[in-house]
1. Which numbered condition trips up Thr228, out of (1) touching a strand residue (DSSP E or B) at 6+ places or on another chain (Cβ under 7 Å); (2) in contact (Cβ under 8 Å) with a residue 40 or more places away in the chain; (3) hydroxyl-bearing (Ser, Thr, Tyr)?
2. If we keep just the residues of segment 120-165 that are among the hydrophobic types (A, V, I, L, M, F, W, C) and in contact (Cβ under 8 Å) with a residue 60 or more places away in the chain, which is nearest to Thr187 (Cα to Cα)?
3. State the number of residues belonging to segment 141-172 that are among the small types (Gly, Ala, Ser) and part of a helix (DSSP H, G or I).
4. Which ones in segment 173-217 are within 23 Å of Leu137 (Cβ to Cβ), hydrophobic (A, V, I, L, M, F, W, C) and part of a helix (DSSP H, G or I)?
5. Would you be able to tell me the number of residues in segment 223-232 that are part of a loop (DSSP other than H, G, I, E, B) and crowded, with 17+ Cβ neighbours inside 10 Å?
6. Restricting to segment 196-222, and then to whatever is under 30 Å from Glu153 (Cα atoms) and in contact with a Ser or Thr (Cβ under 8 Å, 6 or more places away or on another chain), can you tell me which residue is surrounded by the fewest Cβ atoms within 10 Å (Cβ to Cβ)?
7. What is the residue count in segment 80-97 for residues that are crowded, with 23+ Cβ neighbours inside 10 Å and not small (Gly, Ala, Ser)?
8. Given the criteria assigned by TED's automatic domain parsing to the domain that holds Gly217 and out of contact with any helix residue (DSSP H, G or I) (no Cβ under 9 Å at 6 or more places or on another chain), does Thr192 qualify?
Amino acid sequence: MPARKRLAVALAVLGGVALLGLAAWLGIRGRPGPGAALGLATVAAALGVLQALWVPFDLTGRSLRRGPPGTRAVALTFDDGPSDDTPAVLAALDRAGVRATFFVLGEAARRAPERVREVARRGHLVALHGDTHAKLLLAGPRRVAAELDRCAEAIRAAGVEPAPLFRAPHGFRGPFLGPALRRRGLTLVGWTRGVFDTERPGAAAIAARASRRMRPGEILLLHDGCATPGIDPRRDQTAAAVPEIVRRWREAGYAFVTLDAFAAPGAAEGGTGAAARGGA
């Protein structure tokens with residue numbers, strides 16, 4: 001869902017929550033009746049919609065949505081790979097001396113296990129993005145479990161142990177996702193900035209989107225693959241934008257880390273985390 005639509009949905013829901021909450025409160029302050037009960041139920045439903053659709057909103061507090069606010073670090077993340085363009089993205093990251101986090105699809109890993117191995121060999125973090133890029137908003141417990149397990153199995157079959165991190169396709173979260181993640185010891189990962197490189201606006205535009213209004217602990221969402229039918233699958237513009245993204249953030253005094261490093265406050269390039277150690 002594009003950022004503008006997500007924002008519109010979120011604002012509409014928040015407005016509804018405020019109005020219905022007020023109605024419920026007034027009903028309770030007066031004489032409780034069906035109106036108050038309906039208002040409270042609608043508030044609960046609205047909060048559920050926010051929890052499911054709006055990435056920055058998390059009632060559970062269990063997701064990784066940004067790094068520590070006091071550290072001048074930023075994380076580059078890439079979704080939907082590996083693909084034919086993953087080698088170009090890896091080459092650009094190598095030239096920049098940056099390690100990133102790749103959220104890999106199980107079906108893509110089965111098609112190109114050698115690319116999964118190459119991502120890990122170059123010191124990047126490999127994490128889970130589901131098996132088929134299915135939207136998990138309405139998925140039942142069996143489907144959720146299959147998406148998680150088959151993705152992990154595909155990555156392991158490529159000879160790589162995935163990091164215990166999962167990013168939901170499109171950021172959509174259904175009621176069965178949280179329990180499934182906890183049973184597997186996985187952390188849900190969001191992002192602070194969707195760059196929308198899949199629109200192919202050009203490398204310069206991608207770099208500009210990724211670097212305006214810089215804040216500590218940002219998690220940038222880009223793509224090295226394509227899992228959405230009907231859009232151009234090429235990610236050459238993303239690869240071409242990497243050097244300029246890195247240059248701008250570094251000039252502003254930021255270091256690049258993989259997402260595991262965000263668990264360590266003050267992590268920086270050359271410090272803690274798999275990226276700094278050069279490990280996978």
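The values are calculated or read from the model by the stated rules, or taken from the named source; none is laboratory data. Here the structure is a predicted model, which means the values were calculated and not measured. Cβ placement follows ideal geometry from the backbone for every residue including glycine, while neighbour counts extend to all protein chains displayed.
1. (1)
2. Of everything passing the filter in segment 120-165, Leu165 is nearest to Thr187 (Cα to Cα).
3. Of the residues in segment 141-172, the ones among the small types (Gly, Ala, Ser) are 145-146, 152, 154, 157-159, 163, 168, 171.
Checking the rest, the ones that are also part of a helix (DSSP H, G or I) come to 145-146, 152, 154, 157, 171.
Qualifying residue count, segment 141-172: 6.
4. Leu177, Ala180, Leu181
5. At the first step, the residues of segment 223-232 found to be part of a loop (DSSP other than H, G, I, E, B) are 224-232.
Still in the running and crowded, with 17+ Cβ neighbours inside 10 Å: 224-227.
Residues meeting the conditions: 4.
6. Taking the candidates together, the pick is Glu218.
7. Final tally of qualifying residues: 6.
8. So Thr192 fits the description; yes.
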